[in-house]
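Colleague: The structure follows.
Bear in mind that the values in this text are calculations on the coordinates, not laboratory data. Computed from a predicted model, the values in this text were never measured in an experiment. Using ideal geometry, Cβ is built from the backbone for each residue, glycine included, and neighbour counts are taken over all protein chains shown.
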Amino acid sequence: MFKKDAYWIGILIGIAFPVICFGILYGIKFLLGYFFPAVQQFTENKMMFVSVVLNVIPLRYLFVAKDWKKTAQGILLITVVLMVTVSLAF
């Protein structure tokens, strides 16, 4: 199913990866926030921004290592849309 180059796969990866990264960052903030008060300054807006920026990791992997251009373009499309959305949230 994921062995072909398609835009919809890139769109799914582009949406799922930042959501997973945001969940991990939120969990780290929740666990470490009690012991390290400086972690509380890492707001949800900043976590959203970092999650979207981390979307470059699968983008680069699929574009350079796998040479799946359509999938990488799907990820890039979603990344640009998410960056505009997150920048408007600030």
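Colleague: Helix 44-53 against the longest principal axis of the chain: what's the angle in degrees, Cα atoms only, rounded to the nearest 10?
Modeller: Around 30 degrees separate the two axes.
Colleague: Might you report the magnitude of the Cβ-based charge dipole of the range 1-83 about its Cα centre, with Lys and Arg at +1 and Asp and Glu at -1, to the nearest 20 debye?
Modeller: Details: 8 positive and 3 negative charges, 48 e Å.
Taking the Cα centre of the range 1-83 as origin, the dipole is about 240 debye.
Colleague: Next question. Checking the cross-link filter: which lysines have an alpha carbon closer than 19 Å to that of Lys46, excluding same-chain neighbours under 8 positions apart?
Modeller: Lys29
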